[in-house]
1. From the P(r) of the stretch 1-97, could you give the percentage of C-alpha pairs in the tail past 19 Å?
2. At 7 Å along the Cα-to-beta-carbon direction for both Thr9 and Arg252, put a label point, then send me their distance in nm to one decimal.
3. Subtract the Cα-Cα distance of Phe98 and His284 from 0.36 nm times their separation in residues, and report this length gain in nm to one decimal.
4. Run lengths n ≥ 4 of DSSP H only: what is the helix-derived mean residue ellipticity at 222 nm for the chain, with -39500 (n - 2.57) per run over all residues, to the nearest 500?
5. For the chain, with only Lys/Arg (+1) and Asp/Glu (-1) charged at the beta-carbon, what is the dipole magnitude about the Cα centre, in debye rounded to 20?
6. Please grab the % of Cα pairs in the stretch 121-229 that end up more than 21 Å from each other.
7. Hey, what does the equivalent ellipsoid look like for the stretch 225-381, semi-axes from the Cα gyration tensor as sqrt of 5 times each eigenvalue, largest first, whole Å?
8. Tell me the net charge near Arg331. Cut-off is 13 Å between Cβ atoms, Arg331 excluded, with +1 for each Lys or Arg and -1 for each Asp or Glu.
Amino acid sequence: MITFKTVETAGRLRVVQVGAGGMGKAWIRTLQANDDVELVGLVDLNLGAAQAAVEEFGLRDVALGTSVSEVAAATDAHAVVNVTVPAAHHPVNVEAMFAGLPVLCEKPVAPTVAEGLSLAAAAEVSGQLLMISQSRRYFQGLTQLKALTAELGDIGVVTTEFFKAPHFGGFREEMAHVLLVDMAIHQFDAVRFLLDQDPVSVYCEEFNPSWSWYDGAAAATAVFQMSGGTRYVYTGSWCADGLETSWNGSWRVNGAGGTAAWDGSGTPVAELVSGAASVPPVSHEEEIAGALAEFVAALRSREVPSGEVHSNVLSLTMVEAAVQSASTGQRVLIDDVVEDAYRAAVASERRADVRAVLDSWSSARSRVGERAEASNSPVTA
């Protein structure tokens, strides 16, 4: 069973945010719009960026600093929102959790599955909730598609087509596996939510079209076998001008009882063998606002959120396994990727208490699998 400490407060949840860059500003706006939270601290290694954000958003009584634990202690904070770059996720999350604070962290949980497993063990040692904000789980259309999928019986195939042509500039255009590493995790995580199934294996090919403005592979096709026998086929390109899909991609779900489809932005549709399908009405916060709402609710109810770290590690594993398959030309088993990452996590862990928990796991895959099953709850409408 997953256990973590709830936050006992009759008032608003006092939050320290780490990271004041572009995504950090989006989170500031989201925190300001949520009546259940109060932003009391802003942490950034660049104090100038933090001060600029304070001025831009007219923030008052918000402490600034470069240390999350120091700012949290000074503000009597209840929780941390981590909006740093992926390489900083592990150290910031560990510092916050061992300072006695639950964390809502931007995706991915860490740059590697090994670091993700270390964070799962750190959450166990500290007793704090670590939730990953997989913001695209919270689109109302995806919630409706999940409801329609439940009416289709045994699911044979789920497909996602993702075709966009963004000119980011900067580091993304220099990444080796840019589509798989930087974007595909959204769809990989969403299919786990959609099916309530986890990955078993993957075969993936990636390449870079001749007209691509990326240094690394900007196009890929991956075929996953899921735990219920479903095949999930992802095909995407980040240099696909013309007739672009939404940022969620275009989805199709086929089962014994019919087919459902979602264009990633509107309302999904379905055609059942037994007749017409009705799309259930839903109403909940979307994107990072949805993640924040679920985080707050979890801290007050102790209900395990869908992005709890033990479960979320498997979404990152799908990315790492797809990259490995594309690099080797071989089908890759998810269990092998997790166990290899586990050995790396044990070997590199610096905290004795976290290493002791890692050592206590009889099997990293079964440990993550148990936690994933317990925490793969649907979005609350």
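1. 37 percent
2. 4.8 nm
3. Result for the pair: 63.8 nm of gain on full extension.
4. Value at 222 nm, helices only, nearest 500: -12500 deg cm²/dmol.
5. 320 debye
6. 51 percent
7. Each semi-axis is the square root of five times an eigenvalue, giving 33, 23, 16 Å.
8. Result for the neighbourhood of Arg331: -2.
The values are calculated or read from the model by the stated rules, or taken from the named source; none is laboratory data. This is a predicted model, so every value here is computed, not measured. Here the Cβ is made from the backbone with ideal geometry for all residues, glycine too, and neighbour counts use every protein chain on show. These area figures cover heavy atoms from the full protein model, side chains too; ligands, DNA and RNA do not enter into them. Shrake-Rupley method; radii C 1.70, N 1.55, O 1.52, S 1.80 Å.
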